[in-house]
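Below you'll find the structure, written out as structure tokens, and then a few comments.
The values are calculated or read from the model by the stated rules, or taken from the named source; none is laboratory data. Note that the structure is predicted; figures quoted are calculated from it, not measured. Don't worry about glycine lacking a Cβ; one is built from the backbone with ideal geometry, like all the others, and counts go over all protein chains shown.
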Amino acid sequence: MVTPPGVSHEWLRNLANDWRGWVGKQMDQLGIADPGELRSPSPSLPDAIALPAVDETWYLLQRYAPGSSARVRESGPRTLVLSGDVSDADACRRALVRWLMRRARETLPGMLAEVAQQTGLVYREVNIRAQRTRWGSCSSHGDICLNYQILFLTPELARHVLLHELCHTVRMDHSPRFWRTVARFEPELDARRAEMRRSWSLVPAWLQARA
Ligand SMILES: [Zn+2]
């Protein structure tokens, strides 16, 4: 430390100690965060989340709040605020998945109902799940499960997944008859099936990463 002429280290140290408490109190009253507690936002999280299936892009703001666990809330049009301990990337990811599940529950059932109406295919119930290896499933009772990650597919592929599960309400297997049923409602079936082989690559890497 370099001090001006005539000012001793000792004197400066005492001054700093005297003022430290006062400065802290002022910062508390003004609501200014202690700079010592700031953390840089997690670089493994995105600035924006694109959901092509529903034609939405959400911007993600991070607000560090020490001592509270990560949570996500919607704030204004297409803006998400991630608050809490944003340095805990895994907890942030879990909070974002909870929001994505919510958004999927708000959007995918309506899309399924629309495809059902267009095709005349009848299902009983729809549930949104976090599945690792499947886009969806259909029980013999006509209950359909959809993976929330359908949100990351193109609109064409998302419709294709919904149609696929709806066609299982008439055929449970993947026989030629099943695919003929799908083809009745999907004129570009070959192209869709080829795109589906690469579909998992549309899920963003930050969601798949494990810290
Ligand atoms: Zn299937």
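This table checks each residue for (1) closer than 26 Å to residue 44 by Cβ; (2) touching a His at 6+ places or on another chain (Cβ under 7 Å); (3) buried (at least 19 other Cβ atoms within 10 Å of the Cβ).
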| site | (1), (2), (3) |
| --- | --- |
| 75 | yes, no, no |
| 84 | yes, no, yes |
| 88 | yes, no, no |
| 96 | yes, no, yes |
| 102 | yes, no, no |
| 109 | no, no, no |
| 113 | no, no, no |
| 117 | no, no, no |
| 123 | no, no, yes |
Could you check, for the range 119-131, whether at least one of its residues is at pLDDT below 95 and within 16 Å of the ligand (Cβ to nearest atom)? yes
Residue 111 fails exactly one of the following numbered conditions: (1) touching a helix residue (DSSP H, G or I) at 6+ places or on another chain (Cβ under 9 Å); (2) free of Cβ contacts under 8 Å to residues at least 60 places away in the same chain; (3) within 16 Å of the ligand (Cβ to nearest atom). What is the number of that condition? (3)
Top-ranked residue in the range 168-179 [being closer than 17 Å to residue 119 by Cβ and of a type outside the set (A, V, I, L, M); ranked as farthest from the ligand (Cβ to nearest atom)]: 177
Could you tell me which numbered condition residue 158 fails, if it satisfies all but one of (1) within 14 Å of the ligand (Cβ to nearest atom); (2) surrounded by 15 or more Cβ atoms within 10 Å (Cβ to Cβ); (3) within 18 Å of residue 101 (Cα to Cα)? (1)
Filter the range 114-129 down to the residues that are in a helix (DSSP H, G or I) and touching a residue at least 40 places away in the same chain (Cβ under 8 Å), then identify the one that is farthest from residue 52 (Cα to Cα). 119
Quick one: in the range 132-155, of everything that is within 14 Å of the ligand (Cβ to nearest atom) and free of Cβ contacts under 8 Å to residues at least 12 places away in the same chain, which residue is farthest from residue 204 (Cα to Cα)? 139
Do we find that residue 165 is within 13 Å of the ligand (Cβ to nearest atom), at pLDDT 95 or above and outside any loop (DSSP other than H, G, I, E, B) in this structure? yes
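When you scan the range 130-151, do you find a residue that is β-branched (Val, Ile, Thr), assigned to a loop (DSSP other than H, G, I, E, B) and farther than 18 Å from residue 57 by Cβ, even just one?
There is at least one residue in the range 130-151 that is β-branched (Val, Ile, Thr), assigned to a loop (DSSP other than H, G, I, E, B) and farther than 18 Å from residue 57 by Cβ.
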How many residues does the range 168-190 hold that are assigned to a helix (DSSP H, G or I) and either within 23 Å of residue 133 (Cβ to Cβ) or not assigned by TED's automatic domain parsing to the domain that holds residue 154 (or both)? 4
